[in-house]
1. Criterion first (surrounded by fewer than 24 Cβ atoms within 10 Å (Cβ to Cβ), in contact with a Pro (Cβ under 8 Å, 6 or more places away or on another chain) and assigned by TED's automatic domain parsing to the domain that holds B:I188) does B:H98 satisfy it?
2. When you look at B:L342, is it closer than 27 Å to B:H462 by Cα, among the hydrophobic types (A, V, I, L, M, F, W, C), in contact with a Phe, Trp or Tyr (Cβ under 9 Å, 6 or more places away or on another chain) and within 14 Å of chain A (Cβ to nearest Cβ), yes or no?
3. Among the candidates A:E103, A:E99, A:E156, A:E126, which residue alone is surrounded by 14 or more Cβ atoms within 10 Å (Cβ to Cβ), acidic (D, E), free of Cβ contacts under 8 Å to residues at least 12 places away in the same chain and within 14 Å of chain B (Cβ to nearest Cβ)?
4. Looking at A:Y201, A:Y278 in this structure, which one is closer than 20 Å to A:I75 by Cα, hydroxyl-bearing (S, T, Y) and either out of contact with any Asp or Glu (no Cβ under 6 Å at 6 or more places or on another chain) or away from chain B (no Cβ under 14 Å) (or both)?
5. Quick one: B:R26 ticks every box in (1) surrounded by 24 or more Cβ atoms within 10 Å (Cβ to Cβ); (2) part of a helix (DSSP H, G or I); (3) within 12 Å of chain A (Cβ to nearest Cβ) bar one, so which box is it?
6. Taking the range B:380-396, which residues are closer than 14 Å to A:L111 by Cβ and touching a Leu at 6+ places or on another chain (Cβ under 7 Å)?
7. Could you tell me whether the range A:33-52 includes any residue that is within 14 Å of chain B (Cβ to nearest Cβ) and buried (at least 16 other Cβ atoms within 10 Å of the Cβ)?
8. In the range A:427-442, which residues are within 14 Å of A:E334 (Cβ to Cβ) and either crowded, with 23+ Cβ neighbours inside 10 Å or outside the structural domain of A:V333 (by TED's automatic domain parsing) (or both)?
Amino acid sequence: MQHAIRLGVDIGGTFTDVVLELAGASHSIKVLTTYAAPEDAIIDGMHQVCAKAGISPAQIDQIIHGTTLATNALIERRGARTALITTQGFRDVIEMRTESRFEQYDLNLQLPDPLLPRQHRFTLLERVDAQGAVLIPLDREEVVALAEDMASYNFESIAVGLLHSYLNPAHERMIRDVLAERLPGVMVSLSSEVSPQMREYERFNTTVANAYIKPLMKSYLGRLKSRLADEGADCPVFLMHSGGGIISLESAAEFPVRLVESGPAGGAVFAAHIAARYGLDKILSFDMGGTTAKICLIKNQTPKTARVFEVARSYRFKKGSGMPISIPVIDMVEIGAGGGSLAHVDSLRQIRVGPESAGSEPGPACYGRGGSRPAVTDADLVLGRLDPENFAGGSIRLHAGASEAALTELGASLQMDALTAAYGLAEVVDENMANAARVHAVENGEDLAGYTMIAFGGAAPLHAGRLCEKLGVTRLLVPTGAGVGSAIGFLRAPFSFEATRSVYMKLSAFDAATVRDLLVALAEEATGFVRNCDASASIAAQSKVYMRYTGQGWEIPVSLSADQAANPDAATFQALFEADYTALFGRTVTGMDIEITVWAVNATTASATATPLPATPTGRMVTGHATRALFDPALAQIVQAQIVPRAGLAPGDTVTGPALITEDETTTVIPASRRAIARPDGSIDITEISA
Amino acid sequence: MSNVASQVMWNRLISIVEEQAQALVRTAFSTSVREAGDLSAGVYDAAGLMLAQAVTGTPGHVNAMADAVPHFIRRIGRATMREGDVYITNDPWEGTGHLHDFTVVTPSFYQGRHVGFFACTAHVVDVGGRGFGADAASIYEEGIHIPIMRFAHAGRVDETLIEIIRGNVREPDQVVGDLYALATCNEIGQRRLADMLAEFGLDDLDGISDFILTNSRRATLERIAALPRDSATGAMRIDGFDVPIDLCVSLQIEADRIICDFTGTSGVDKKGINVPLVYTKAYACYALKCAIAPEIPNNAASLAPFQVTAPAGSIVNAVHPAPVALRHIIGHMIPDVVFSALDKILPATVPAEGAGCLCNFQVSLRPASGQGRRAEVLTFNSGGAGARPAVDGLNATAFPSGVMTMPVEATEHTGPVIIWRKELRPDSGGAGQYRGGLGQYMEVGPAAGFEADFSAMFDRVHHPARGRQGGADGAATTIALDDGGAMQGKGKQFVPAGRRVMLGLPGGAGYGPAADRDPALIKRDLARGYISAKAAMRDYGLTAADVAAVEAQVTKGETA
């Protein structure tokens, strides 16, 4: 949609970000999220940006929306009265989880409760085997009897998850038909539609999560659509999904679980778009806000997707402490490291930071709102990275004295003064993030050397330079609009939908006709969803298979070209797998059979084309009018950093570190090891000063 | 080296071993490694002292890994170590307790200097012999034994060794694939270590080793010093194979160490359920660390103050050539017996007894007609954990093992087996102020047209978990065919076509008197069906009216 007027809206935990784009211009605003009626903040923000742009809401052509509401409903357990119907003998799958403890040394460990208590999980006698054959047929009369028994419970939403239904959904569909007849008005979610993949715990849990938030999200989306219309914005509304694309409001209401993590997905799309503008193929996207940091690898300007992720981690963001949601999702790591993350000293006399966060109330000690424990922002202030008089455009005055007191107390048992404690705190949080990035890179078989970091989110520009030093990343981009990156990302996302199916096939028993039919069926399903959003755009379908050596437990994704999908043959599949396996793990394993476990087709319209960056003119060597004492952790000493306002930089202007480039929303720290150049798109491009 | 830099490097080393472990999970073939997390990875200084170990599913490797590298240094000889060397063993006494575990050690060189070691362990699919089970009478029947030797000389893999291994195991490709996976994960650790030394401008690990070990020793000793100087004994009787086994322990807390001795424990068994001392040490130490110093990472200094001894020839210090393949069954029971002693010294700290060992079984399937595809299916399952001093026990959750179960749908793809039931077992958690964790029911049988041998690896059939401080015992393990045919808790047993094995996996025991339980929790348990109406009235004193009220609430869809 060239020259269309589009509105991007991201509802986050604290702020609702609204971005309006019209021919050549962009206006954004952050308004406080209105929990009781989230649509209020959107309407408010929409009017404000329309006023800035001098247009009326009626002129908006399209609205793209992403939200944490679905995630929050799962975390806070604010979903509908929901039931699960499952195969007899398997009532407790979502409660028994993996039968393991995510923390090995805690004798008092508590596992998170399942979304539904046991008395809201019902069973029916039926069974399908691992080939999809019916071992025990489902008796319709028993379904009718169960539906009648369930009537008194007044369920609003019912999830149906039967064993091996990803291979044969007939029994799940029969249950839906009976429920529609006997319990009209109750919403139904089938596991064979929400997440048709093998592994019952993940599939059932995802289906239950979908059912649990469906009434809430359906009603919210309906209200939003009519409120927008009432306010004059009677245009199509689309939703960002966790896989980095957009879907229709109707699809979103049917499969709301796909909206989980839509905000961070928007951030990754934002970074991918900047990567395209700069023609960069290896990007480390780094998004650091108040509570968490998100790290994502973007190769060839496409964020990598995964099939499972974990939401609502209940124990220090620890892997395994949340619940698995198996839907297409942009693959990223999220750790409890943000500006508000709090520090303490443990029994090993080590400084630990996060995941506990001071939030906005009371906030870090320097906010002067009663917080007494040191947060990352306190360390940033004491290290000279922040200007106490000019934080958040001067809207919050920071109290350096309070930070120093909190840090002095932190350092007391370590014989560290406030500055050293601040240094230690900042190094620990930066190291935590660097370790998360390293592990994520290894899991993806990547070496971060040769990567460029793109940093956004309020706290990222303060820490990104140091993170690059730790990771050996030599180039860092801090784009404009970094504070509303996710909402901008929504406007760059294509319409897309990924359809997946679990079907086992060994290459030694490769059946080309079955493969072709399967990929065609998946392509039709995925394309159908996208076609609902855009009647005319050309839609590309990308096929992917997940493969492994027979006997292994972890698959790797292997992409197929259109021709390889249309004319599948085992030798080609083997060659593709071996090439990818070697890239990841260094060597192939000879003599082993190879198998395919999951098939996926992603249908997508073209992404917004990025205009390549014009050549950067030769600019000035800028020196600040003032300097501030800044602690440089790589040098482990205080340096005098020049202060340069970002607004005063013209394309081509260069600033040599140590420096602080300031703006209302944040400050970009240029370490002594780096220099910055202002690019024509307003980005700050920071590179290593070669020795 | 500044304090801040040292803190950063310690974190980094822990992150490096986690990466090392992750690389192993991604490339391994055996289900116990890739699905269940039965592996370890660690980094050591040049002297062979362990600096960091990945937290994986196996406390059983805790000390074994710390002890293994010094054995390698002694056997290989420091002077002969070259860059590119890789060493290997599956010796139960110098590795991690049975032949199925291969330990691989790689000396780490930086700028031509030897700076440390990386080591890792994984459970492989097969080592020949009689196959994985308790049936051997000596170690010689359990499979091939590889003493500590070179897997690679200065980068060149020993093809003779590979051929010998290939010729002696049932799944040569997978086993050799796993050995390469082990070597690869050490290489990954090594690369990261070199990056770290370069980044911090260091020549070796000496300074950081000192920092880690000094801090860990001090923190551990502070914890021990805070304990009462006291001693206590504990004992527990379990099923064993044919004859019951007594596990006996005495704990003595001194100013700077804890001595944990197993004198009085039964002698070695004829069957392969014996435990090398290194594995006993691991689980005893794990139990003590959980209770006393849970957040101090495992390394040479933090483990040293926990001193575990047992008479040679006892079942927890089995010596060569005793059979040891299923050493996990008794190994997993060790924390419960250590806790029975520790409870007398540190009241209100440790849980009641639980299911203890994992409730694993292996099914060997073949067509009833005798012709066609055969398959081996191994599954990991858990009973209930013991109730804690202020919280209920965990339902169907492994303790002390930390491994995961396999999805039923994935298991059914590995062979013609049908798991007909896998769900919580009501009334199996011991009653108490805090209820024991529920065990689970399982029903498993061959698919139509197949018959099977079922290799059982269960305990607590005759000796259920005992309650603590007035809590009731957990339910015992039950096992039988669906036609009523009797089955044993351990050993290989025939399952005809069309039959199912009916299992009741054991519950954890309760903590404190049931009379003290919060009535709201009793009603919650009844509403959820964790306890039956009968048990609610019998064990917890609910009236028939109470039960009716809860049931009415349930059918109205109300949750308490």
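1. Details: surrounded by fewer than 24 Cβ atoms within 10 Å (Cβ to Cβ): no; in contact with a Pro (Cβ under 8 Å, 6 or more places away or on another chain): yes; assigned by TED's automatic domain parsing to the domain that holds B:I188: yes.
Answer is no for this residue.
2. Values: closer than 27 Å to B:H462 by Cα: yes; among the hydrophobic types (A, V, I, L, M, F, W, C): yes; in contact with a Phe, Trp or Tyr (Cβ under 9 Å, 6 or more places away or on another chain): no; within 14 Å of chain A (Cβ to nearest Cβ): yes.
No: the conditions fail for B:L342.
3. Only one candidate qualifies: A:E99.
4. Numbers: A:Y278 fails: closer than 20 Å to A:I75 by Cα.
None of the others qualify; the one that does is A:Y201.
5. (1)
6. Across the range B:380-396, the qualifying residues are B:S382, B:G384, B:A385, B:R388, B:L394, B:N395, B:A396.
7. Here is the first cut: in the range A:33-52, the residues within 14 Å of chain B (Cβ to nearest Cβ) are none.
The answer is no; no qualifying residue exists.
8. A:M433, A:A437
The values are calculated or read from the model by the stated rules, or taken from the named source; none is laboratory data. From a predicted model like this one, the values you see are computed outputs, not experimental measurements. Virtual Cβ from ideal backbone geometry, glycine too; neighbours counted across all protein chains shown.
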